[in-house]
Amino acid sequence: MRINIVYWSGTGNTESMAKLIQEGAEEAGAVVTLLEVSGADASALDADVLVLGCPSMGSETLEEGEFEPYIASIEGKLSGKKLALFGSYGWGDGQWMRDWTERMESAGAVLAAESLIVNDAPSGASAEQCKAFGKAIAK
Ligand SMILES: Cc1cc2nc3c(=O)[nH]c(=O)nc-3n(C[C@H](O)[C@H](O)[C@H](O)COP(=O)(O)O)c2cc1C
């Protein structure tokens, strides 16, 4: 099982989630490649599961400088593709993730796990949730 994780993180919280997800997936036997979105292109789709991470930015949107253009660039290639989505948020209620999940399903993607959101930095129970998310994807 090959898993690619592509993420954007401004202050490191989504990056911490990405690393915990990687740890969980590797514990379950997957081969995981972790990529910042600035270094990723459509070839990241060449994996059993593409895992995408972005925090809530703007006003409940994806980060607009790098991550949104990346999503727009792969959106037409997602039919039947296994995806999983995660990200950190601050004061909102997770609307950006509900919108993003719906958008990816409308593009034809198949969600390999329920989208995962964590308030601020993962720690304790939320860190365990990240690892369990990685494990679930690797099955
Ligand atoms: C410019 C900006 C806009 C943000 N907008 C939202 C928002 O609409 N809703 C929300 O819940 N959090 C919002 N946040 C908070 C971030 O989602 C939160 O700090 C998150 O942990 C950042 O993740 P990161 O460390 O991976 O960058 C915003 C933060 C910034 C800097």
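Taken together, the values in this text are just the output of simple stated rules run on the coordinates, not laboratory data. Small disclaimer: the values here were computed from a predicted structure and weren't measured. Note that we place each Cβ from the backbone using ideal geometry, even for glycine, and neighbour counts take in every protein chain shown.
Some notes on this structure:
- A121-D48 pseudo-label distance in nm [points 7 Å out on the Cα-to-Cβ vector]: 3.3 nm
- Listed peptides 62-70, 82-90 by packing density, highest first (mean Cβ within 10 Å): 82-90, 62-70
- Put a plus charge on the Cβ of each Lys and Arg, a minus charge on the Cβ of each Asp and Glu, and nothing anywhere else: the dipole of the chain about its Cα centre is then about 480 debye.
- The stretch 125-137 - phi-based ³J(HN,Hα) in whole Hz, Karplus 6.51/-1.76/1.60, Gly and Pro as x: 4, 6, 5, 5, 4, 5, 5, 5, 4, x, 5, 4, 5
- If both residues of a DSSP beta bridge must be in the stretch 2-137, then about 5% of such bridges are antiparallel.
- On the principal axes of its alpha-carbon atoms, the chain has extents of 37, 37, 25 Å, going from largest to smallest.
- Total charge dipole magnitude, the stretch 1-79, about the Cα centre, Cβ charges on Lys, Arg, Asp, Glu only, Debye to nearest 20: 160 debye
- Hz values of 3J(HN,Hα) by residue in the stretch 28-45 - Karplus curve (6.51, -1.76, 1.60), Gly and Pro given as x: 8, x, 7, 9, 10, 10, 9, 9, 6, 4, 4, x, 10, 9, 5, 5, 4, 5
- Between amide H atoms placed 1.01 Å from N, distances below 5 Å from A84 occur with L50, V51, L52, A112, all of them 5 or more places distant or on a separate chain.
- log10 of Debye I(q)/I(0), alpha-carbon scatterers only, for the stretch 62-133 at 0.21, 0.22 Å⁻¹: -0.99, -1.05
- Applied to the stretch 54-70, the Karplus parametrisation 6.51 cos²θ - 1.76 cosθ + 1.60 on θ = phi - 60° returns per-residue 3J(HN,Hα) values of 7, x, 6, 10, x, 10, 6, 10, 6, 4, 8, x, 10, 6, 4, x, 5 Hz, with x for Gly and Pro.
- Here the dipole of the stretch 33-80 is about 140 debye; that uses its Cα centre as origin and unit charges on the Cβ of Lys and Arg (positive) and Asp and Glu (negative).
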